[in-house]
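Data first, discussion second: the structure below is written as structure tokens.
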Amino acid sequence: MRRLVIALIATLALPLAMAVPAHAGGLDDAFAKVLVKKVKGANVKKHLQALQAIADANGGTRAIGTPGYDASAAYVEGKLRRAGYKVTRQPINFPESWSENTPPVLTLTAPTSKTYTPGTDFVTFEPSPSGDVTAQVQGVDLTLPPTPSPSSTSGCEESDFAGFVAGRIALIQRGTCPFVNKVMNAARAGASGLIVFNEGQPGRTDPYPLNIGEWRAGIPMVFASFAVGNELANTPGATVRLKVDANLVLGTSDNVIAETRFGDPRNVVMVGGHLDSVTAGPGINDNGSGSAAILEIAEEMALVPVKNKVRFAFWAGEEIGLLGSDQYVASLSEAQRDRIRVYLNFDMIASPNYAYKLYDGDDSDGVGSPAGPPGSAQIEKQFEAFYGSRSLPTVGTDFDGRSDYGPFIAVGIPSGGIFTGAEGIKTPEEAAMFGGTAGVAYDECYHQACDTIANINDTALDVDADAIADSVARFAFNLRGIPARTAPQAAAATLSAS
Ligand SMILES: [Zn+2]
């Protein structure tokens with residue numbers, strides 16, 4: 001690490017003095033080349049071995065709320081401190097335990113009476129708060145009858161609630177975005193309760209127990225069958241009683257955050273990945289791999305006099321609803337958000353049957369969610385250029401809200417990153433591009449006990465760590481093409497206050 005600084009300063013002394021523009025041959029390019037050389041797959045692997053040992057010593061898991069997570073956070077914090085970083089821990093809340101005191105109630109009270117059966121017709125969304133409301137049901141942007149393949153965006157956009165009458169119970173269809181987005185949008189629109197029903201395609205008809213990790217909506221919420229949802233949607237003036245009687249205990253955990261001593265704090269390059277695993281396993285690919293690569297990069301660049309501040313985040317509670325990143329973004333003022341020029345996310349970068357997937361910042365794939373905030377396309381292009389320089393192909397992956405970039409793009413921060421695939425199935429085209437096996441999941445051990453150190457593809461780990469190093473290094477010196485943001489909301493607030 002020390003040698004990196006000397007080498008870099010030697011490399012950069014002349015350009016620094018001459019303040020050359022940042023481009024090929026500029027500071028960004030020079031630093032990228034040095035950092036990529038310094039960052040080693042073997043070092044990343046050592047961090048993964050340490051995380052595996054932590055899981056082994058703590059019941060096989062590193063999930064939030066377990067000693068395995070706490071030991072992982074201590075490990076990362078220790079390494080960052082030794083590298084010279086000032087490390088902060090941001091406390092976050094999570095539902096530590098949740099249980100139902102009595103079964104939930106869902107009854108149609110008008111225009112006719114009907115009692116739905118808990119367990120078959122509907123289940124309580126974990127961790128729903130308690131509540132007992134009787135109110136008219138209002139459907140929110142429903143797609144009925146459902147389309148042959150999933151398409152409903154019910155409740156995904158705030159605009160879906162434009163005509164929603166506060167105090168009513170929101171009736172929302174599954175589809176497109178995470179449940180948690182629907183729940184929070186409904187709460188913001190003033191819903192007194194929430195019924196989400198399954199979308200209606202074959203295999204998507206029944207309710208099932210699900211922990212959505214979100215309790216802050218503060219309203220009772222249940223997951224119903226398609227049949228129940230469809231019936232309520234087709235009953236004009238339907239009024240229901242919705243009751244949840246549950247015990248929710250909140251615990252605290254920590255995000256681990258460190259930033260470079262050098263660099264302009266008004267221009268922050270943020271690099272994050274989740275440190276927690278699911279309870280079922282040690283989470284070495286998901287997401288030891290992203291965490292370990294970020295940690296190695298942070299160590300190798302600790303003392304480099306970067307132009308823009310680089311902030312590293314190791315999130316808690318991603319696996320139960322993006323809790324760490326969500327509470328982090330929620331804690332920032334508009335001005336603090338604006339200073340984060342880019343957010344780079346790394347969640348699963350060494351899947352055994354990998355593909356090099358880049359978050360589709362420009363929506364060139366035209367699937368799922370729209371393009372990321374302005375600047376996201378440039379992030380994607382920069383990653384593409386790195387793989388291209390090694391004659392490696394890439395494919396796009398949709399911003400589907402399944403990882404910690406979600407809260408960042410939701411507030412307009414351009415984002416990007418790499419993903420090597422989870423439970424999805426590798427296509428024959430991808431097998432031709434990347435090798436591996438078509439018709440098999442990218443990671444057959446996704447969210448299972450077998451996501452161990454044996455579940456890591458060393459080639460992908462090495463290449464992706466280099467790709468991350470390249471991108472972080474370039475943005476650390478050059479944010480050209482990334483639009484500056486100033487808080488329109490904050491400006492409006494000031495105007496209206498004056
Ligand atoms: Zn993950």
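The values are calculated or read from the model by the stated rules, or taken from the named source; none is laboratory data. The structure presented is a predicted model; accordingly, all values stated were derived computationally and were not measured. In this analysis, Cβ positions are derived from the backbone assuming ideal geometry, glycine residues included, and neighbour counts consider all displayed protein chains. For the accessible areas, the whole protein counts, side chains as well, though only heavy atoms, and no ligand, DNA or RNA atoms are used. Shrake-Rupley method; radii C 1.70, N 1.55, O 1.52, S 1.80 Å.
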(request) Have a look at A83, L108, A432 and report the one farthest towards the positive end of the charge dipole of the chain, computed about the Cα centre with Cβ charges (Lys/Arg +1, Asp/Glu -1). (result) A83
(request) Taking every pair of Cα atoms in segment 342-498, average 1/r, invert it to obtain the Kirkwood radius, and report Rg/Rh to two decimals. (result) 1.04
(request) Can you tell me the equivalent ellipsoid semi-axes for segment 80-155? Use √(5λ) from the Cα gyration tensor, largest first, whole Å. (result) 40, 22, 12
(request) At a 1.4 Å probe radius, which order do H274, H447 fall into by accessible area, largest first? (result) H447, H274
(message) Per DSSP helix of 4 or more residues, -39500 (n - 2.57); summed, then divided by the residues of the chain. What does that give at 222 nm, rounded to the nearest 500?
(response) -10000 deg cm²/dmol
(request) Using Cα centres only, tell me the gap between segment 163-194 and segment 405-438 in whole Å. (result) 29
(message) Quick check for me: using +1 on Lys/Arg Cβ and -1 on Asp/Glu Cβ, what's the dipole size of segment 238-299 about its Cα centre, in debye to the nearest 20?
(response) 400
(request) Can you grab the distance from the C-alpha centre of segment 443-483 to the C-alpha centre of segment 289-319, Å, no decimals? (result) 12
(message) Out of the total accessible area of the chain (probe 1.4 Å, heavy atoms of protein only), what percent is carbon and sulfur?
(response) 55
(request) Note down the nm distance, to one decimal, between modelled labels 7 Å out along Cα→Cβ at N101 and at A385. (result) 6.0
(request) Using only C-alpha positions, report the orientation-averaged shadow area of the convex hull of segment 381-464, nm², one decimal. (result) 6.4
(message) What FRET efficiency comes out for A74 versus A438 if R0 is 60 angstrom and r is the Cβ-Cβ distance? Round to the nearest 0.05.
(response) 0.90
(message) Need one word for segment 139-205: rounded, prolate or oblate. Basis is the Cα gyration tensor (sqrt eigenvalues a ≥ b ≥ c); a/c below 1.5 gives rounded, then a/b vs b/c decides.
(response) prolate
(request) Compute the semi-axes of the equivalent ellipsoid of segment 134-278, taking the square root of 5 times each eigenvalue of the Cα gyration tensor, and list them largest first in whole Å. (result) 34, 18, 16
(message) Net charge around L461, counting only other residues with Cβ within less than 11 Å of its Cβ (Lys, Arg = +1; Asp, Glu = -1)?
(response) -3
(message) Give me P(r) over segment 175-221, computed from all C-alpha to C-alpha distances, binned every 10 Å, as integer percentages.
(response) 24, 54, 21, 1
(request) With all distinct Cα pairs included, what does the Kirkwood hydrodynamic radius of the chain come out to in Å, to one decimal, could you say? (result) 23.8
(message) Please list, in order, the residues from segment 225-260 whose amide nitrogen is less than 13 Å from a point placed 7 Å along the Cα→Cβ vector of D132.
(response) 241-246
(request) Would you work out the charge dipole size for segment 259-387 about its Cα centre, treating the Cβ of every Lys and Arg as +1 and the Cβ of every Asp and Glu as -1, and quote it to the nearest 20 debye? (result) 560
(message) Just to check I understand the Karplus step: with θ = phi - 60° and J = 6.51 cos²θ - 1.76 cosθ + 1.60, what whole-Hz values come out for segment 125-135, glycine and proline as x?
(response) 6, 6, x, 4, x, 6, x, 9, 10, 10, 7
(request) Determine the order of S154, S391 by accessible area, beginning with the largest, at a probe radius of 1.4 Å. (result) S391, S154
(request) Determine the shape class of segment 37-177: with a ≥ b ≥ c the square roots of the Cα gyration tensor eigenvalues, call it rounded for a/c under 1.5, and otherwise prolate if a/b is greater than b/c, oblate otherwise. (result) prolate
